[in-house]
1. Under 6 Å by Cβ, and 6 or more places apart or on different chains, what pairs join a residue from the stretch 375-391 that is within 11 Å of PHE342 (Cβ to Cβ) with one that is open to solvent by 60 Å² or more (accessible area, probe 1.4 Å)?
2. Residues TYR301, TYR294: which one is among the aromatic types (Phe, Trp, Tyr), assigned by TED's automatic domain parsing to the domain that holds LEU370, in a loop (DSSP other than H, G, I, E, B) and open to solvent by 10 Å² or more (accessible area, probe 1.4 Å)?
3. Pairs under 6 Å by beta carbon, first residue at pLDDT below 90 and among the aliphatic types (A, V, I, L, M) in the stretch 175-191, partner open to solvent by 10 Å² or more (accessible area, probe 1.4 Å) and not in a helix (DSSP H, G or I), six or more apart or different chains?
4. ASP98: touching a residue at least 24 places away in the same chain (Cβ under 8 Å), of a type in the set (Asp, Glu) and more than 16 Å from ligand 2 (Cβ to nearest atom), yes or no?
5. So in the stretch 111-143, with the set limited to residues that are assigned to a loop (DSSP other than H, G, I, E, B) and at pLDDT 95 or above, which one is nearest to LYS185 (Cα to Cα)?
6. Could you tell me which residue of the stretch 23-47 is farthest from ligand 1 (Cβ to nearest atom), considering only residues that are part of a strand (DSSP E or B) and of a type in the set (Ser, Thr, Tyr)?
7. Test of understanding: among THR288, THR222, which residue is more than 13 Å from ligand 1 (Cβ to nearest atom) and surrounded by fewer than 23 Cβ atoms within 10 Å (Cβ to Cβ)?
8. Regarding the stretch 198-219, can at least one residue be identified that is closer than 22 Å to MET1 by Cβ and either more than 15 Å from ligand 1 (Cβ to nearest atom) or surrounded by fewer than 24 Cβ atoms within 10 Å (Cβ to Cβ) (or both)?
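The values are calculated or read from the model by the stated rules, or taken from the named source; none is laboratory data. Values in this document were obtained by computation on a predicted structure and should not be read as measured data. We place every Cβ from the backbone using ideal geometry, glycine too, and count neighbours over all the protein chains shown. The accessibility values were calculated without ligands, DNA or RNA, using every heavy atom of the protein model including side chains. Shrake-Rupley method; radii C 1.70, N 1.55, O 1.52, S 1.80 Å.
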Amino acid sequence: MNVFNSLTRRNEELKPLAGNEIRLYTCGPTVYNFAHIGNFRAYTFEDILRRAVKFNGMKIKQVMNLTDVDDKTIRGANAAGVALTDYTRTYKDAFFADLAKLNIEPAEIYPAATDHIPEMIELVSKLIEKGVAYQSDDGSVYFNVRKFPGYGKLAHIDFDNQRTGARCASDEYDKENVGDFALWKAWEESDGPVGWDSPWGKGRPGWHIECSAMSMKYLGETFDLHTGGIDNLFPHHENEIAQAEAATGKPFVATWMHCAHLKVNGEKMSKSLGNFFTLRDLMEKGWTGREIRYVLINAHYRQGLNFAFSALEDARKSLERIDRAVDALQSRIEPGAETPEFVRKAIDDFTAAVNDDLNIPRAFAALFELVRETNASGTRDQGVLDAFKRMDEVLGVVFFGKKEAQSVPAEIAALLEERAAARAARNWAESDRLRDEIATRGWIVKDSKEGQSCTKK
Ligand code: AMP
Ligand code: ZN
């Protein structure tokens, strides 16, 4: 399996550093609001990556952090007049429900920043001991970028042509303003009740140190793979490397991968521009998680993707085509039928596409070729169905034997997905509310071991 490594800027084979397991760290959400579908472009890309690793017979250990303390979460909690943990809980719960709707496989570990303050303090102390970090007059601690010779290797910063030196207290800044960045931020009036005791007085961690501390805690000082959206590359990931490598003296991560942005009219979809849709927004308009997932994954992850409703329309049609072929095949399967020639080629093409830096549009082309041949040949072979299932291990968009779910209108399908997510989160009250809501629209939901089924009243 080959992937493009942002650190070396080359296509390289992804092989575990040890044993047969890929250790993957994915920068997770800042839980101060509902995630938008731009964020979910990053999380679906990472889901495809994790599924592709497993598809290739490797094991995976994925850690995704939850940033539940930073400038934005503190501002939100204080404005709402609630405790930080209460404020972030709402968005953590919503995040997990959204992951389920998009059929994103759960990571192995979801560490929250506020549960790891001691580990962060320890890492900052180590950096001071090593002489690469210093305390400023107000009690904050900064990383001295000129004390770490490797600084800039991920973002390929040319220090000679840089205006460096300024200190930067905020977590985000651009390449033109490289400076010493905050590891620990001294408490300020606007932080309200949020703060932890430390050797440098009351304060809170900077955003970047969160990820270095939590990734090394769960994956070791050197691990295989680290990902995020391209906006994370600088300064966040550059700073993660500096903090980790200056502390341990060892390489931090072998392979870095970054996905391009989801855009709206050519601009990055973002909270600050206000040009975003949450998953809820789209589901209220009658689109399903499966259709949204299809749109997000059906573009190469390193290419910008412009969001448009016409893409959702196309997704609906394409998925219907797949469903029709798979349903018809399922209803005519006969034991002992011969496996047709085209199956091997479809799987080979599909595998080659996935292993060529996750070329999912090409992988879909292989799947649609299989759809075409399946329909044209009228095959009754179980092996063809198995090929669809094998492909769906990576794609996660095909329905198998859930005819009821497909024959309901889109708005009911969306409610059913929401209900499945509520049940996965053991939110029974919400599950009951949704059952009633579905009933008022003329459909009856039944639960069984296989999940929910739905029939018209
Ligand atoms: P944040 O909550 O802002 O820290 O972002 C969480 C993840 O979403 C990060 O990996 C970001 O790089 C990614 N992200 C944010 N906006 C977009 C976008 N418009 N397209 C793709 N990824 C994004
Ligand atoms: Zn991070």
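1. So the pair list comes out as ASP381/THR339; GLY383/THR339.
2. Details: TYR294 fails: in a loop (DSSP other than H, G, I, E, B).
Of TYR301, TYR294, the one residue that is among the aromatic types (Phe, Trp, Tyr), assigned by TED's automatic domain parsing to the domain that holds LEU370, in a loop (DSSP other than H, G, I, E, B) and open to solvent by 10 Å² or more (accessible area, probe 1.4 Å) is TYR301.
3. Listed by first residue and then by second, the contacts come to VAL178/GLN162; VAL178/THR164.
4. Details: touching a residue at least 24 places away in the same chain (Cβ under 8 Å): yes; of a type in the set (Asp, Glu): yes; more than 16 Å from ligand 2 (Cβ to nearest atom): yes.
Yes.
5. Taking the stretch 111-143 as the starting set, the residues that turn out to be assigned to a loop (DSSP other than H, G, I, E, B) are 111, 116, 130-132, 136-140.
Subsequent filtering for residues that are at pLDDT 95 or above retains 111, 116, 130-132, 140.
Values: PRO111: 21, HIS116: 16, LYS130: 19, GLY131: 18, VAL132: 17, SER140: 5 Å.
Taking the candidates together, the pick is SER140.
6. Initially, the stretch 23-47 is screened for residues part of a strand (DSSP E or B), giving 23-26, 30, 36.
Going one step further and asking which of them are of a type in the set (Ser, Thr, Tyr), we end up with 25-26, 30.
Working: TYR25: 11, THR26: 7, THR30: 4 Å.
Among those that are part of a strand (DSSP E or B) and of a type in the set (Ser, Thr, Tyr), it is TYR25.
7. Residue meeting the stated conditions: THR222.
8. Looking for residues that are closer than 22 Å to MET1 by Cβ and either more than 15 Å from ligand 1 (Cβ to nearest atom) or surrounded by fewer than 24 Cβ atoms within 10 Å (Cβ to Cβ) (or both), one finds at least one in the stretch 198-219, hence yes.
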